[in-house]
Amino acid sequence: MKNIVFIPNIDCGDNRATPYHYSIKSWKRWAEQFKDIEVIEWTEPILDPKVFPIIYQREWVFDILDHNKVDYDQVLIVDSDTIVHPNCPNFFKETNHEYTAVIGNGCYEWVMRSVDGWGKHLFPNEIKPKVWEYFNTGFIIANKKHKPFFDILKKLYTENIDKLNDIRTNKTYNNLPIPSTGQTIVNFLTIKHNIKVTLLPERYNMTDLFRKNLLHTPGTPYTWWPDELTFLDAGWVYHFCAIPQSSRHVDYWMERTYKELYD
């Protein structure tokens, strides 16, 4: 029975998905070395993404796989703004067959504002995730025993979509927008429903590379280190999120990283 790498790659018409083919190719090239890993690219949304964000729709992953008669053991749901190193170990062996994630070691202010904001408007009576336990949902491994938890997520999203969209677009916390779409919700609900979580090392989902001073960016103060992909020696999965707009944005880093690793 195979493990699945499931990558949502939905073209929403905003050109955001333009460089994501590099992600798909990197995961497929990486998986070739393992007989029991298959990469599946998901390109057709279930609902209108303008109303029902893709980050919510990906919780239907098991329904999509079952509908297409794909058998599986474990499933990695990974964001399409990632590139995997060809030497990355088989992390499916490190999950203990539990719901598995990586701590979101990035902007703590963002995390705390998100937790406080969603806590106030959606989970006023629930235990709040601690910032040092808050995980990024751009790299989640689950299996069939977690279907009931995914059903809980789907139920919350479908029954509260208008409220969720209102919180995302109209509510504030300390006069600032409330960040996150579904990530903080998932963190709250794993606590509420006592979901056992295996936490993998940060090397399997390296987020916020810019804040870690790993992206050499000409025209900014962030150029005192060599113009090299130093982050290739810092981990295995590179998640190109939270990068400020500049001449070197997500598309630049994904293309350059893929070509250096695989071409």
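The values are calculated or read from the model by the stated rules, or taken from the named source; none is laboratory data. Since the structure is predicted, the reported quantities are computational estimates derived from the model, not experimental observations. Note: ideal-geometry Cβ built from the backbone for every residue, glycine included; neighbour counts use all protein chains shown. Keep in mind that these areas ignore ligands, DNA and RNA; they rest on the heavy atoms of the full protein, side chains included. Shrake-Rupley method; radii C 1.70, N 1.55, O 1.52, S 1.80 Å.
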Residues satisfying the stated conditions in the range 217-241, i.e. at pLDDT below 95, in contact with a Phe, Trp or Tyr (Cβ under 9 Å, 6 or more places away or on another chain) and of a type outside the set (S, T, N, Q): Y222
Mind checking which residues of the range 8-26 are under 15 Å from L76 (Cα atoms) and either out of contact with any Leu (no Cβ under 9 Å at 6 or more places or on another chain) or of a type in the set (D, E) (or both)? P8, N9, S23, I24
Of the conditions (1) surrounded by fewer than 18 Cβ atoms within 10 Å (Cβ to Cβ); (2) more than 21 Å from I55 (Cα to Cα), the single one that G235 does not satisfy is (1)
Test S26 against the criterion of being polar (S, T, N, Q), under 26 Å from Y258 (Cβ atoms) and part of a helix (DSSP H, G or I), and give yes or no. yes
Output the residue which, of all residues in the range 169-220 that are touching a Ser or Thr at 6+ places or on another chain (Cβ under 6 Å) and part of a helix (DSSP H, G or I), is most open to solvent (accessible area, probe 1.4 Å). Q183
Can you confirm whether P53 is farther than 30 Å from T169 by Cα and of a type outside the set (A, V, I, L, M)? no
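One line per residue, one yes/no per condition, for (1) modelled with pLDDT of 95 or more; (2) within 24 Å of L232 (Cβ to Cβ); (3) touching a helix residue (DSSP H, G or I) at 6+ places or on another chain (Cβ under 7 Å):
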{"residue": "K25", "(1), (2), (3)": "yes, yes, yes"}
{"residue": "K28", "(1), (2), (3)": "yes, yes, no"}
{"residue": "I40", "(1), (2), (3)": "yes, no, no"}
{"residue": "F62", "(1), (2), (3)": "yes, no, yes"}
{"residue": "D81", "(1), (2), (3)": "yes, yes, yes"}
Scope the range 232-251; condition without any contact (Cβ under 8 Å) to a residue 24 or more places away in the chain and closer than 14 Å to H216 by Cβ; matching residues: H249
Please tell me if Y157 is under 21 Å from G138 (Cβ atoms), over 17 Å from the mean Cα position of the chain (by Cα) and surrounded by 16 or more Cβ atoms within 10 Å (Cβ to Cβ). yes
Can you list residue pairs whose Cβ atoms sit under 9 Å apart, with the first residue in the range 92-105 being over 13 Å from F135 (Cβ atoms) and the second being among the aromatic types (F, W, Y)? Count only pairs 6 or more apart in sequence or on different chains. F92/F34; E94/Y204
Tally up the residues in the range 71-98 that are surrounded by fewer than 22 Cβ atoms within 10 Å (Cβ to Cβ) and among the hydroxyl-bearing types (S, T, Y), please. 2
Just give me the residues in the range 221-231 being open to solvent by less than 60 Å² (accessible area, probe 1.4 Å), in a loop (DSSP other than H, G, I, E, B) and either among the aliphatic types (A, V, I, L, M) or touching a residue at least 12 places away in the same chain (Cβ under 8 Å) (or both), in sequence order. W225, L229
When you scan the range 83-115, how many residues do you find that are among the aromatic types (F, W, Y) and out of contact with any Phe, Trp or Tyr (no Cβ under 8 Å at 6 or more places or on another chain)? 3
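Here is a yes/no grid of residues against (1) outside any loop (DSSP other than H, G, I, E, B); (2) of a type in the set (D, E); (3) surrounded by fewer than 19 Cβ atoms within 10 Å (Cβ to Cβ):
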{"site": "L47", "(1), (2), (3)": "no, no, yes"}
{"site": "V61", "(1), (2), (3)": "yes, no, no"}
{"site": "I64", "(1), (2), (3)": "yes, no, yes"}
{"site": "N125", "(1), (2), (3)": "no, no, yes"}
{"site": "W132", "(1), (2), (3)": "no, no, yes"}
Check the range 22-44 and report whether any residue there is touching a residue at least 60 places away in the same chain (Cβ under 8 Å), charged (D, E, K, R) and open to solvent by 30 Å² or more (accessible area, probe 1.4 Å). yes
